[in-house]
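S.K.: Please find one structure pasted underneath; my questions will follow.
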Amino acid sequence: MKDVTRNDYYERMLKVMIYIEKNLERDISLEELADVACFSPYHFHRIFQGMLGESVAEYVRRLRIEK
């Protein structure tokens, strides 16, 4: 993966992580998060899991437990 692409993906995932933290108390759909990241839901889920090492659902669940 090119450095420019990797940096772009990291920025998009950071936006999503911030969005999740700000909306942790409500249900957030995969489609909604994919829109925030400007990816299709399929690609967003793949990229999120590949970069963060856990699925979106696991990430949200972990944050809720930690909070």
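The values are calculated or read from the model by the stated rules, or taken from the named source; none is laboratory data. All values derive from a computational prediction rather than experimental measurement. In case anyone asks, the SASA skips ligands and DNA or RNA and just uses the protein heavy atoms, side chains included. Shrake-Rupley method; radii C 1.70, N 1.55, O 1.52, S 1.80 Å.
S.K.: Compare Arg12, Arg26, Arg46 in a GNM of the chain, Cα atoms joined below 10 Å, and give the one with the largest fluctuation.
M.R.: Arg26
S.K.: Within the P(r) computed for the range 24-67, what percentage of the Cα pairs occupies the region above 11 Å?
M.R.: Numbers: 612 of 946 pairs.
Here the tail beyond 11 Å accounts for 65 percent of pairs.
S.K.: Return the lysines within reach of Lys2: Cα separation strictly under 22 angstrom, same-chain partners fewer than 8 residues apart disregarded; answer none if there are no such residues.
M.R.: Within the straight-line limit of under 22 Å, Lys2 reaches these lysines: Lys15.
S.K.: Measure off, as a whole percent, the carbon and sulfur share of the 1.4 Å-probe accessible area of the chain, all protein chains present. Display every interim value, and only then the final one.
M.R.: Values: 2480 of 4720 Å².
Carbon-and-sulfur percentage of accessible area, whole number: 53.
S.K.: Also: Between helix 3-22 and the chain, what is the angle of the helix's C-alpha long axis to the longest principal axis, kept within 0 to 90° and rounded to the nearest 10?
M.R.: Helix 3-22 sits at roughly 10 degrees to that axis.
S.K.: Give the accessible surface of the chain per residue, rounded to a whole number of Å², with probe radius 1.4 Å and ligands, DNA and RNA excluded. Display every interim value, and only then the final one.
M.R.: Details: 4720 Å² over 67 residues.
With the other protein chains kept in place, the chain gives 70 Å² per residue.
S.K.: Something else about it: Would you kindly find the accessible area of Val4, with a 1.4 Å probe and non-protein molecules such as ligands, DNA and RNA excluded, rounding to the nearest 10 Å²?
M.R.: About 120 Å², ignoring ligands and nucleic acids.
S.K.: For the chain, what is the calculated [θ] at 222 nm in deg cm²/dmol (nearest 500), taking -39500 (n - 2.57) for each run of four or more DSSP H residues and dividing by its residue count? Walk me through the numbers before you get to the answer.
M.R.: On the way: 4 runs with 51 residues, N = 67.
Only helices count here, giving -24000 deg cm²/dmol.
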